[in-house]
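Here the structure is laid out as structure tokens; the discussion comes afterwards.
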């Protein structure tokens, strides 16, 4: 039967017990020696080790038989009662029979050994017990941490599903209103706009069911979004996409970039009087993939009660997907507007 | 002509196609209505309304410069119709302030109803005189909370989302803003920050520290009774001075 690596689920490992017992027994031997027991240090040391390890071993066996393997008082009592005679016997074999003779010679001597055994066992017992408690606490803490991390992960995942599932009604109805009125006045434009809406909805639906897509796919989704806004806002709105060929097939999680583009359009360009432009660009830095969304809109202009731009969710998902090195920087442009940049470290692949 | 004066309307919508379409459909459904102006921005709407004094205004809610609601608080219009794609503003709340509101895409049927409603209001001389006050009340609430802090990084100005800040810590000249990824330095003193931060989420815990409670993992007391806060995913711990320690008794 293979030995368990620990004496109890929350207990010490075998080698830790052996090490602590060795040190403790040596300490006891030294105390006894200083107390001027009339014997050589060597034989005192051997006797201490013999008795100490006997008590420990019997204790471990009894504790295991009692079920839990934990350090308990009954196991300790059994350890002392059984371990002291056993240790004395062992010591007699190694160092000569004097000690055995002394032990067996009189009742008081026997009692004295047992008393010393109990006395010295107690600190051990307390020490091991304490270690067990600390270990149990640490384990509980770790489990709690794990649970809370797991809860957070599932909360963020749920939020993502919600985001993926929703298409902003304002966007949808405004676009449909445009289609409706263009059908009469400009049927060609109406058809183009419907086609872009179709692409947007189709790719969006696909993404809403995926945990991973590619940059090319994501850019396709965002291009349709920007094209639709170009139709709606007329010539005052311009846009630009830059995706280098070598980055087209890079895997990328859905709905990470779209909120940034939506923010640029809705909070940057739409409230701006005059022309506006949104530029979406992917580039490879030495240690990171960088996606930037720049606009020349009104800049930071939080209205009371605004929704907080959804940045917290992006940050949480960045951290979950790419670890703490991934980041979202938001910068004010020198002239006007904002630039949002996602920095995704190169070496950390998405799980 | 001795017929009564023709009613006039202003249309404001930032999407040109929608504005033009509304103008066309209105003139079809209500030939007597004169479209005095079609504008695409909030300020232009204010300007047009002030200058032309039309009886009726069709205002889009989301517009550049000023929203339709803001326009309505700046200029008094006898009969307001809000036009929006989505009832995000709890439209029913200003039902009382406006003659009507329309949801995009606007159907002819619904627009006809609006026209009828406007016509009857015009003939009865009714007017939403309380519109401005009501709208102002709708728009004004909520004291401003700090959502972003500006921080210089080299030659760039970064915007740091307040919710992502773990703690603010002041030293002699600067205030350090710690986020998961970075530390930023700003010049705003702690006491100015404290006034603008949400008191539910940001607590001062020391003369020089404000902590984001959402970042706190645990509070620990050492042998001498000193309290420190451990933060999620961080190695550093923040001392809590005695003056602020009582707030963590329950933790």
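Distance between the modelled labels on residue A:122 and residue A:147, one decimal in nanometres: 3.8 nm (7 Å Cα→Cβ projection).
Can you pull the mean other chain C-beta count within 10 Å for peptide B:36-45? Mind dumping the intermediate values first?
Numbers: counts 0, 0, 0, 0, 4, 5, 2, 1, 1, 0.
Whole-number average of other-chain Cβ neighbours for B:36-45 is 1.
Give me the compactness ratio for region B:148-248, meaning the Cα radius of gyration over 2.2 N^0.38 Å. Cα Rg divided by the expected 2.2 N^0.38 Å: 1.07.
Report the FRET efficiency, 1/(1 + (r/R0)^6), for residue B:194 and residue A:15, where r is their Cβ-Cβ distance and R0 is 51 Å, rounded to 0.05. Don't jump to the answer; show the numbers that get you there.
On the way: r = 54 Å, r/R0 = 1.05.
It comes out at approximately 0.45.
With contacts taken as Cα pairs under 8 Å at a separation of at least 6 residues, region A:166-345 carries a relative contact order of 16 percent.
Report the extension gain between residue B:242 and residue B:6 in nm, rounded to one decimal, defined as 0.36 nm multiplied by the number of residues separating them, less their alpha carbon distance.
77.5 nm
Which angle from 0 to 90°, rounded to the nearest 10, does the C-alpha axis of helix B:16-29 make with the longest principal axis of chain B? Taking Cα atoms only, the helix is inclined about 30 degrees.
What FRET efficiency do you get for residue A:158 and residue B:32 if R0 is 41 Å and r is their Cβ-Cβ distance, rounded to the nearest 0.05? Could you put the intermediate results ahead of the total?
Details: r = 55 Å, r/R0 = 1.34.
The calculated FRET efficiency here is 0.15.
Give me a single rounded figure for A:179-186: the average over its residues of other chain Cβ atoms within 10 Å of their Cβ.
Values: counts 2, 7, 12, 4, 1, 3, 4, 1.
Mean shielding by partner chains, rounded to a whole number: 4.
Cut-off 10 angstrom, C-alpha nodes, Gaussian network model of chain B. Which of B:36, B:72, B:17 fluctuates the most? Evaluated over chain B, the most mobile residue of the options is B:17. The Rg/Rh ratio for chain B is 1.22, where Rg is the radius of gyration of the alpha carbons and Rh is the Kirkwood radius. Once both labels are positioned 7 Å from their Cα atoms along Cα-to-Cβ, the gap between residue A:77 and residue B:230 label points is 3.8 nm.
Within region A:14-156, the ratio Rg/Rh, alpha carbon atoms throughout and Rh by Kirkwood, equals 1.17. In the elastic network of chain A, a GNM with C-alpha springs shorter than 10 Å, the most mobile of A:114, A:226, A:311 is A:114.
Per the Kirkwood definition applied to all pairs of different Cα atoms, how many angstroms is the hydrodynamic radius of chain A?
Values: mean 1/r = 0.0375 Å⁻¹.
Evaluated over chain A, this radius sits at 26.7 Å.
Taking A:295, A:329, A:39 as the candidate residues, the one with maximal mean-square fluctuation in a Gaussian network model of chain A, Cα springs under 10 Å, is A:39.
For peptide B:54-62, what's the mean number of Cβ atoms from other chains within 10 Å of each residue's Cβ?
Details: counts 0, 0, 0, 0, 0, 0, 1, 1, 5.
If you average over the peptide's residues, the count of other-chain Cβ atoms is 1.
Modelled this way, with points 7 Å down the Cα-to-C-beta line, the labels at residue B:74 and residue A:212 are 5.1 nm from one another.
What full-extension length gain, to one decimal in nm, is calculated for residue A:42 and residue A:94 as 0.36 nm per residue of separation minus the Cα-Cα distance? Intermediate values should be presented prior to the final figure.
Values: separation 52, 0.36 × 52 = 18.72 nm, distance 1.08 nm.
Contour length minus Cα-Cα distance gives 17.6 nm.
Across all C-alpha atoms in region A:186-325, the radius of gyration and Dmax reach 15.7, 50 Å.
Angle check, please: helix A:107-165 long axis (alpha carbons) against the longest principal axis of chain A (alpha carbons), in degrees 0 to 90, nearest 10. That works out to roughly 10 degrees.
Using a cutoff of 8 angstrom between alpha carbon atoms and counting only pairs six or more residues apart, the relative contact order for chain A works out to 10 percent.
Helix B:42-52 and the long axis of chain B differ in direction by around 30°, with both axes built from C-alpha atoms. Over the protein assembly as shown, the pair-distance histogram of Cα-Cα distances with 20 Å bins from zero comes to 16, 32, 24, 14, 9, 4, 0, 0 percent, rounded to whole numbers.
If we sort A:332-343, A:46-57, B:235-246 on the protection proxy, mean other Cβ atoms within 10 Å, highest first, what's the order? Walk me through the numbers on the way to the answer.
Details: A:332-343: 17.9, A:46-57: 22.9, B:235-246: 14.3.
Top to bottom by mean Cβ count within 10 Å: A:46-57, A:332-343, B:235-246.
Only helices enter this figure: runs of n ≥ 4 DSSP H residues, each worth -39500 (n - 2.57), summed and divided by the residues of chain A, yield -21000 deg cm²/dmol at 222 nm to the nearest 500. Taking every Cα-Cα distance in region A:93-208 and sorting them into 10 Å bins starting at zero, the pair-distance distribution P(r) comes out as 10, 16, 13, 10, 9, 8, 7, 7, 7, 6, 5, 2 percent.
Values in this text are rule-based calculations from the coordinates and carry no lab data. This one's a predicted model, so the numbers in the text were calculated from it and none came from an experiment. Methodologically, a virtual Cβ is constructed for each residue, glycine included, from the backbone with ideal geometry; neighbour enumeration extends over all protein chains shown.
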